[in-house]
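Down below is the structure, laid out as structure tokens.
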Amino acid sequence: MTARQEKNKSAESLATSGTDKMTARQKKAESLATSGTDKMQDNLYNTNSLDTNRYNIDTAELDFSTENYSKAEIQKQNQDLIEQAYKFLTNDEAGIPFEPETVKLISLWTNNPKQVRKFIGIILNARKAVQEEHNISFILDDEPELQAKITQTIRRYFNALRSDDKKIRNQENYLYITMKNMFENYGSARQQREYRAEHPTKKDREEAFINGLKGGLPESIRNAENYK
């Protein structure tokens with residue numbers, strides 16, 4: 001029995017020894033695995049860096065400077081932008097408070113987007129000057145009458161430029177003065193209407209009374225000659 005017990009102890013010793021070797025082997029494997037993970041992370045980092053550099057290179061290639069195009073190409077590009085200006089300049093994102101007809105008219109007389117912007121800027125500067133000088137505000141989006149007057153004034157401006165009897169040296173200054181006068185006249189007329197509405201005269205009351213009577217009469221009588 002003693003011999004058998006000693007034999008069993010020897011077997012246990014061998015088993016323990018095998019376990020130690022397996023543990024050492026596992027630690028070595030884990031170390032290799034960890035090392036592999038670090039290398040993979042390094043590779044991923046390098047890959048991301050390469051991707052970033054690639055996108056930076058691609059972005060740098062986007063250069064739309066005019067020197068990269070021929071005169072014919074630039075003219076074609078400008079023509080497209082000018083013809084479509086009334087669409088993208090009069091939407092909510094652009095923030096230019098003009099009706100499409102106004103921008104269409106300006107586009108007919110300009111050669112490139114810079115001139116369109118400058119022309120519009122002069123009109124808006126004239127409006128700003130009148131607002132500050134006379135303590136009045138013009139909300140173009142809410143005043144269709146003013147929108148129509150702007151378009152009409154621009155046509156008068158171009159007509160003056162084309163007239164043989166007018167010699168206008170500084171066309172930008174002339175545009176500014178023309179638009180400023182228009183805003184002042186429109187603002188003055190609007191203030192007079194508002195004042196008369198708040199302080200009606202005897203004549204205004206009589207006219208309002210007569211118009212009220214007409215409104216209550218049949219249409220055939222309202223349109224009669226003696227009620228016109």
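Rule-based calculations on the coordinates, nothing more; no lab input. Keep in mind it's a predicted model, so treat the numbers as computed, not measured.
Quick look at the numbers
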{"quantity": "Karplus (6.51, -1.76, 1.60) ³J(HN,Hα), θ = phi - 60°, over the stretch 97-104, in Hz, Gly and Pro reported as x", "calculated": "x, 10, 6, x, 4, 5, 5, 4"}
{"quantity": "Listed pairs K71/K180; K87/K149; K104/K180; K104/K128; K118/K167; K128/K203 exceeding 31 Å between Cα atoms", "calculated": "K71/K180; K128/K203"}
